[in-house]
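Report on the following structure.
Every number here is computed from the coordinates shown, using simple stated rules; none is lab data. If you're wondering where the values come from, they're calculated on a predicted model, not measured in any experiment. Glycine gets a Cβ as well: all are built from the backbone with ideal geometry, and neighbour counts include every protein chain shown.
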Amino acid sequence: MRVLILLLFPLFAFSQKDSLSISIENGRILYDDFCIRCHLPNGKGQIGIIPPLAKSDFLYKHMEESIKALKFGGIDGEIIVNGVKYNSRMEKMGLYNDEIADVMNYILNSWGNKSDLMITEEYVDKLKK
Amino acid sequence: MKNKLFKLLSILFIFATNLSCAQLGETFIREDKDIVSPNEINYDLELVHENDEIIWAIEFFEDNSILATVKSGKLIHYKNNGDEVLIKGLPKIYLRGQGGLMDIEFHPNFEKNKLLYLTYAYEKEEGKGGSTNVARAKLENDSLIDFEVLYEATEVSRKGQHFGGRLEFDNDGFLYFSIGDRGNRDVNPQNLELDGGKIYRINDDGSIPKDNPFYNLPNAKKAIFSYGHRNPQGMFKHPTSGKIWTNEHGPKGGDEINIINKGLNYGWPKITYGINYSGTTITKNKSLPNMEQPLYYWIPSIAPSCFEFINSDRYGDWQGSLLAGALKFKYLERIVLDNNKVVYRERIAEDLGRPRDVKESKDGYIHVSIENKGIYKIVPKS
């Protein structure tokens, strides 16, 4: 029995990692289509106009709010990201929930960002306005 | 403690590098040496209708009140007394990336027949992707009735890019509209059997003029008027020649102004002055036989969103020049031509926001819709 577990464990770990890397790859394609024009290829945005996603303190502190912004279209009012004020609302992109999960996983694992948490479609499904 | 200090220092460092990079970006933005900001500003910008979404297009009634499309799928009549009336009867709209409810155009005889035309992104089957539809309806008692789809593009995609969507009538009553390449540049724009990357011409009832250039070409989309376009989103009818002019979103450094002529190939993606946004090459060709050169191309790209000819005499020497919305730089660009050559460019309404549509009212005032702000009227200082 113990042997079996030992045998299965790496397999399980591998498939976990695999689904994340697939999600990240899907997310990269979606990012290039829907996000890149404003948030730019390096995720740095445009200071004072479009908030950065790369090493964004806001993104980590307000993860749920950020994903909701993607699902429902923007955040009302002023936010402060890495010490800079932003006040332009992002429009709703019309992404499906699985796509929102993918693009979030790409953002959370790009440009020096790192996250152990994998965003799933089920998680995005449950988010309410 | 050491660890904390290190963390703090690295945050500061990241913050500092972020700042400096962004400022470099800002200098790049001002690199366009050919455009100037006028020394003296002799107009005021008056916010006439507030809206925190994206007003994609505006159209004027005889009384100068405004019918506006909101990208998310609303049609609003902004009345002169300040009332906002939501027009009922819109179809289901595919909100996806750049797609949504787009342009509106009144029939040349709107006063009598109350017919209007709309472009909107449309998804036939959920999850399968969509493209751009053109529809006609009659405006009656704040509702759209007799709603009829006149053109439905068949090449659908889940991509969020390049829906085109501008509408314009010419002097002969033909309706022109644009559909962008739908993010499928190597397939759609050069193939006359596929939709996307084209300017189309139809009659006001949706039928196709028999003298369209590819009407008799087997398997071709008969409504195509010109092809090889990327994403034309600005369009006007020239008051003297009657020709349709467009401005088009290109790749990086490849935005263009074109005069649309019957049956011609405008070259995308076989020729372009631009490169991919990632910096890689699309093609080394800037010209090829049987492909049209643009009247003008922008370096750097401005992201041209709308286009209007200034007929009004309210703005002095502005009369006869062109206005193009620069989504990227958040101003209107006034363009002066001499013999169809661009000789002067200046920034109007600088830093106001992202312009989506620019149009003259019936009484000759230029109006511009700005994303997340609303509709502004440009009022000359007396």
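Per residue, the convex hull around the alpha carbon atoms of region B:306-377 comes to 82 Å³.
Reported to the nearest whole Å, the Cα centre-to-centre distance from region B:260-339 to region B:38-59 is 22.
The mean count of C-beta atoms from other chains within 10 Å of the C-beta of residues in A:55-68, rounded to a whole number, is 1. Among rounded, prolate and oblate, which fits region B:97-155 when a ≥ b ≥ c are the square roots of the eigenvalues of its C-alpha gyration tensor, a/c under 1.5 means rounded, and a/b larger than b/c means prolate? The shape class here is prolate. Other protein chain C-beta atoms within 10 Å of residue C-beta, averaged over B:295-301: 0. Each principal axis of the Cα cloud of the protein assembly as shown was evaluated for its coordinate range; sorted largest first, these ranges are 82, 57, 52 Å. Orientation-averaged projection of region B:184-283 equals 6.9 nm² [convex hull of Cα atoms, one quarter of hull surface area].
With a ≥ b ≥ c the root eigenvalues of the C-alpha gyration tensor of region B:124-206, is it rounded (a/c under 1.5), prolate (a/b larger than b/c) or oblate?
Cα axes put region B:124-206 in the oblate bin.
Could you compute the FRET efficiency for B:Ser143 and B:Ser287, with r as their C-beta to C-beta distance and R0 at 41 Å, rounded to 0.05?
0.25
Computed over chain A, the quotient of the alpha carbon radius of gyration and 2.2 N^0.38 Å is 1.18. For chain B, just say rounded, prolate or oblate: build the C-alpha gyration tensor, square-root its eigenvalues into a ≥ b ≥ c, call rounded for a/c under 1.5, and beyond that prolate if a/b exceeds b/c, oblate if not. Because its axes are fairly even, with a/c under 1.5, chain B counts as rounded. Using a cut-off of 25 Å between Cα atoms, the listed pairs A:Lys71/B:Lys71; B:Lys88/B:Lys237; A:Lys44/B:Lys284; B:Lys92/B:Lys359; B:Lys243/B:Lys362; A:Lys128/B:Lys88 include B:Lys88/B:Lys237; A:Lys44/B:Lys284; B:Lys92/B:Lys359; A:Lys128/B:Lys88 as exceeding that distance.
The helix-based estimate of mean residue ellipticity at 222 nm for chain B, built from -39,500 (n - 2.57) per DSSP H run of four or more residues and divided by its residue count, is -3000 deg cm²/dmol to the nearest 500.
Each Lys and Arg contributes +1 and each Asp and Glu -1, all at the Cβ; summed about the Cα centre of chain B, the dipole is approximately 1560 debye.
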